[in-house]
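Visitor: Dropping the structure in here first, questions after.
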Amino acid sequence: MNSQDNLKLGVKASRNSTLALALLAFLKGAVGIYSGSMVLLADAVHTGLDIFASLAVLIGLKISLKSSGKHFPYGYYKAENIVALFVSLLILFSGFELLKEGFTGVSTASKLEFQGLALATAVFSVLVIYGLSVYKRNVGTKINSQALITDARHSYTDVFSSMVVVVAVLGSILGFSELNNLGVILISLLIFKMGIESARDAVLTLMDAWLDEEKSERIKKNIYNIPGLIELEDLKLRKSGLVVFGEATVEIEGETDLKRVELLSEDIKTAVKKEVENLEHIVVNLKPVRRKNLKLALPVLDRNGFQAELSEHIGKSPYFLFVELEEGRVGDWQILENLFSNFEKKRGVKAVDLVIREKANAIAVKTVAKVPFYMLRDNFIKILRIPEGAATVRDVLDRFQDLEEITAPME
């Protein structure tokens, strides 16, 4: 789903939650008055406060659905983060109110009428609020909505306060209503912790902080594996509501044509989207530089190292020699067998696949057909012409600086 579909799903979840809370608050209030349970009435008021929090999330998500305007070119997505901060403050307020109850004592009527109805309502409230918490958390996680996840945390804290109501009603029935003050205090401290964490995340997101370092490292690894890149210089990501904006600066080899630049930009965007589903937009800055280190592939006829004879054809070559060139100096090398040299069809394609898998960024050949040429070019592998008179790998390495680049198919 795209970001707009995700926002609509979030709006639906928030609307359902608001309606459920309104019905629950009415039920608790009515039963509280009917049974004379003051703690049930107090919890009805508390649930009424939750309605405003849920409405705030609904409004924030609806604002985020608006198209970008003249003064908001990046859209209204951050409205969702502002709402998340507001809900976090409500969590802290709820914790404060509960803390006061813990120190002053949970107030219950000395004579509670319709005890079974009051207890059943309190238990039903726990189940409904827990169900809402799970529902909002699942939807919020699915669409990556900070406000909805924060509201789910808020509902989760309300499960504890509703459980206090159950214990208070049960204690009132048994005559031990004063025994729950310590539990109320501990629960209120837990609510404070959740509220502070939620507020911190909302504030950091509003300040364009990126908190998921593990995801950043996975994205960088994906980008590093893209053929044609020399270096990832910088990666910046920032969250705005439930969408993500980004900027990547990478180094590529100079004089790359426009089509290959477009392909490389799309590969980078795909690498980011593997980890960031709600990527709204990413800017890719390409910096042309001269490559210092090369991994050169050469088609050869035997395994005689640098004395190996060069093959006339990529696909028919029985072996490939790969050698590292570090600023012109010869480094490590290896010879691999081309298992596809005897294939009747697509042996050139299979041979090029071998070169790509070995992460070579240059190949020296005497001739290259159309399909292998475009495969090599699209994977940013420089195609060099073996000069006349060069018969072995050593001959090519000795004259490497004089090799010319092939810019069109030769067959």
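The values are calculated or read from the model by the stated rules, or taken from the named source; none is laboratory data. These figures come from a predicted structure and were not determined experimentally. So basically every Cβ, Gly included, is an ideal-geometry build from the backbone, and we count neighbours across all protein chains shown. In case anyone asks, the SASA skips ligands and DNA or RNA and just uses the protein heavy atoms, side chains included. Shrake-Rupley method; radii C 1.70, N 1.55, O 1.52, S 1.80 Å.
Visitor: Apply the Debye scattering formula to the range 213-289, with a single equal point scatterer on each alpha-carbon and no solvent, then give log10 I(q)/I(0) at q = 0.15 Å⁻¹.
Guide: After summing over all Cα pairs, the log10 values are -0.47.
Visitor: From the protein chains alone at 1.4 Å, what is the descending order of accessible area for Lys28, Lys366, Lys236, largest first? Each step should come with its number before you reach the end.
Guide: Numbers: Lys28 0, Lys366 55, Lys236 110 Å².
Putting Lys28, Lys366, Lys236 in descending order of accessible area: Lys236, Lys366, Lys28.
Visitor: ³J(HN,Hα) across the range 198-206 via Karplus (A = 6.51, B = -1.76, C = 1.60, θ = phi - 60°), whole Hz, x for Gly/Pro?
Guide: Ordered by residue, 3J(HN,Hα) equals 5, 5, 4, 4, 5, 5, 5, 5, 5 Hz.
Visitor: Could I ask something else about it? Efficiency by 1/(1 + (r/R0)^6): what FRET value for Lys220 and Ile33, r their Cβ-Cβ distance, R0 = 56 Å, to the nearest 0.05? Let's see the in-between values first.
Guide: Working: r = 60 Å, r/R0 = 1.08.
Once rounded, the FRET efficiency stands at 0.40.
Visitor: Summarise the long-distance tail of P(r) for the range 192-238 by giving the % of C-alpha pairs beyond 15 Å. Don't skip to the end; give the middle numbers.
Guide: Numbers: 620 of 1081 pairs.
Of all Cα-Cα pairs in the range 192-238, 57 percent lie more than 15 Å apart.
Visitor: On a 1.4 Å probe surface of the protein chains, which of Tyr319, Tyr130 comes out largest in accessible area, and what is the full order? Present the calculation step by step, with values, prior to reporting the outcome.
Guide: Numbers: Tyr319 50, Tyr130 115 Å².
Final ranking, largest accessible area leading: Tyr130, Tyr319.
Visitor: Residue separation times 0.36 nm, minus the C-alpha to C-alpha distance between Glu213 and Glu327: what's the value?
Guide: Numbers: separation 114, 0.36 × 114 = 41.04 nm, distance 3.36 nm.
Between Glu213 and Glu327, full extension yields 37.7 nm more.
Visitor: For the range 226-310, state which GluC sites (Glu not before Pro) are in a DSSP loop and have at most 14 other beta carbons lying within 10 Å of their beta carbon. Could you put the intermediate results ahead of the total?
Guide: On the way: sites: Glu231, Glu233, Glu247, Glu251, Glu253, Glu255, Glu262, Glu266, Glu275, Glu277, Glu280, Glu309; in loops: Glu255, Glu275, Glu277.
For GluC sites (Glu not before Pro) across the range 226-310 that sit outside H, G, I, E and B with at most 14 neighbouring Cβ atoms in 10 Å, the list reads Glu255.
Visitor: Now, a different point. Arranged from highest to lowest average of other beta-carbon atoms within 10 Å per residue, in what order do the peptides 401-410, 355-364 appear?
Guide: Details: 401-410: 12.1, 355-364: 19.2.
Highest to lowest by the protection proxy: 355-364, 401-410.
Visitor: Long-range amide H contacts for Ser240: which residues qualify at under 5 Å (H placed 1.01 Å from N, peptide plane, sequence gap of 5 or more or a different chain)?
Guide: Phe245
Visitor: Could you tell me which of the pairs Lys259/Lys366; Lys259/Lys382; Lys236/Lys259 are separated by over 23 angstrom between their Cα atoms in the structure shown? Please list the in-between numbers first.
Guide: Details: Lys259/Lys366 25 Å; Lys259/Lys382 15 Å; Lys236/Lys259 25 Å.
Cα-Cα > 23 Å for Lys259/Lys366; Lys236/Lys259; rest within.
Visitor: Residue separation times 0.36 nm, minus the C-alpha to C-alpha distance between Asp5 and Arg290: what's the value? Mind showing how you got there, number by number?
Guide: Numbers: separation 285, 0.36 × 285 = 102.60 nm, distance 4.39 nm.
Working it through step by step, the gained length comes to 98.2 nm.
Visitor: Sort all Cα-Cα distances of the range 293-405 into consecutive 10 angstrom bins from zero, then give the percent of pairs in each bin up to the one containing the longest distance.
Guide: 16, 53, 29, 2
Visitor: Which residues in the range 347-391 place their backbone N less than 11 Å from a point set 7 Å from the Cα of Lys259 along the Cα-to-Cβ direction?
Guide: Residues 374-375, 377-378 qualify, since their backbone N sits under 11 Å from the label point.
Visitor: While we're here: Near the amide H of Glu231, under 5 Å away, which other amide H atoms are found, from residues 5 or more places off or on another chain, if H is placed in the peptide plane?
Guide: Those lying under 5 Å, H to H, from Glu231 are Glu251.
Visitor: Check which residues have an amide H placed less than 5 Å from Lys382's amide H, if you skip close sequence neighbours.
Guide: Ala362, Ile363
Visitor: Listed here are the pairs Lys142/Lys287; Lys295/Lys316; Lys12/Lys78; Lys273/Lys345; Lys221/Lys346; which of them are more than 29 Å apart at the Cα? Spell out each step's value before the answer.
Guide: Working: Lys142/Lys287 36 Å; Lys295/Lys316 21 Å; Lys12/Lys78 19 Å; Lys273/Lys345 35 Å; Lys221/Lys346 31 Å.
Pairs exceeding 29 Å: Lys142/Lys287; Lys273/Lys345; Lys221/Lys346.
Visitor: Spin-label point model (7 Å from Cα, Cβ direction): what's the Arg238 to Glu97 distance in nm?
Guide: Here the modelled spin labels are 3.6 nm apart.
Visitor: Can you list the HN-Hα couplings for the range 382-388, worked out from phi with the Karplus curve (6.51, -1.76, 1.60; θ = phi - 60°), rounded to whole Hz and with x for Gly and Pro?
Guide: After applying 6.51 cos²θ - 1.76 cosθ + 1.60, I find 5, 9, 10, 8, 6, x, 4 Hz.
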